[in-house]
Amino acid sequence: GESVGLHLPTLSVQEGDNSIINCAYSNSASDYFIWYKQESGKGPQFIIDIRSNMDKRQGQRVTVLLNKTVKHLSLQIAATQPGDSAVYFCAENNAGNKLTFGGGTRVLVKP
Amino acid sequence: SAVISQKPSRDICQRGTSLTIQCQVDSQVTMMFWYRQQPGQSLTLIATANQGSEATYESGFVIDKFPISRPNLTFSTLTVSNMSPEDSSIYLCSVGGYPAYNEQFFGPGTRLTVL
């Protein structure tokens with residue numbers, strides 16, 4: 001995956017606004033995608049997934065969009081809350097449940 | 001979802017020593033994986049822990065450096081051998097199903113610092 005060192009892309013969002021986090025994946029054969037949230041000091045937490053035969057899936061306050069033509073994935077968070085502050089990773093599954101992770105985006109929610 | 005615990009949660013070790021990390025799951029799972037997350041970076045798969053057979057390692061990772069055991073369907077260990085400061089990372093285990101592409105769940109991680 002992309003190495004971003006200490007300089008993760010950061011998205012600053014006002015509390016109550018919507019957030020959109022983008023991810024480009026690498027393998028056109030990938031058939032399953034997951035978004036994870038990682039808070040400081042914790043392991044990644046599953047948010048939502050989508051299979052390649054879908055282009056949109058909704059959960060509670062979150063929506064994932066998949067554009068296979070351009071190999072792009074996005075996560076939309078509605079009415080962003082302070083508890084949404086974390087690093088978000090997309091992951092693609094391309095062989096036997098082995099996941100390849102994207103570089104991550106840090107979301108900072110401003111009160 | 002599966003409940004996953006890891007021991008130790010963190011450790012500080014001297015170079016040249018080895019550390020064994022344990023991963024325990026509250027239910028039997030088919031697939032178990034070990035990942036590394038270097039400081040401020042994303043996750044990289046080290047290997048798939050296979051029950052009853054040798055682990056399957058990803059490119060750049062070898063058994064001599066990261067021996068893995070999986071004696072049953074609820075437990076696995078990862079050893080980081082002959083450690084150097086470059087091994088300072090968070091090590092995470094995850095579990096998932098196959099072939100239904102069930103979501104993978106992660107443990108809390110083991111934060112390793114090598115001096």
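The values are calculated or read from the model by the stated rules, or taken from the named source; none is laboratory data. All figures in this text were calculated on a predicted structure; none of them were measured in a lab. Glycine also receives a Cβ, built like all others from the backbone with ideal geometry; neighbour counts cover every protein chain displayed. The area values use the complete protein model at the heavy-atom level, side chains included, leaving out ligands, DNA and RNA. Shrake-Rupley method; radii C 1.70, N 1.55, O 1.52, S 1.80 Å.
Tabulated results
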quantity	calculated
Sole exception among (1) facing another protein chain (nearest Cβ under 9 Å); (2) free of Cβ contacts under 8 Å to residues at least 60 places away in the same chain for B:PHE106, by number	(2)
Flag if A:ASN97 is in contact with a strand residue (DSSP E or B) (Cβ under 7 Å, 6 or more places away or on another chain) and closer than 22 Å to B:ILE4 by Cβ	yes
Some residue of the stretch A:97-104 being modelled with pLDDT under 95, more than 9 Å from chain B (Cβ to nearest Cβ) and open to solvent by less than 20 Å² (accessible area, probe 1.4 Å)	no
Strands (runs of 3 or more DSSP E) lying entirely in chain B (those with 3 or more residues that are open to solvent by 20 Å² or more (accessible area, probe 1.4 Å) and in contact with a Pro (Cβ under 6 Å, 6 or more places away or on another chain))	none
Close pairs (7 angstrom Cβ cut-off, 6 or more residues apart or separate chains): over 14 Å from B:ALA49 (Cβ atoms) in the stretch B:14-29, open to solvent by 70 Å² or more (accessible area, probe 1.4 Å) anywhere	B:GLN14/B:LEU115; B:ARG15/B:LEU115; B:GLY16/B:ASN82; B:SER18/B:ASN82; B:ASP26/B:VAL3
Where a residue in the stretch A:66-78 is touching a residue at least 24 places away in the same chain (Cβ under 8 Å) and part of a strand (DSSP E or B) and its partner, wherever it lies, is open to solvent by less than 10 Å² (accessible area, probe 1.4 Å) and aromatic (Phe, Trp, Tyr), with Cβ under 7 Å and at least six apart	A:LEU66/A:PHE33; A:LEU73/A:PHE33; A:LEU75/A:TRP35; A:LEU75/A:TYR88
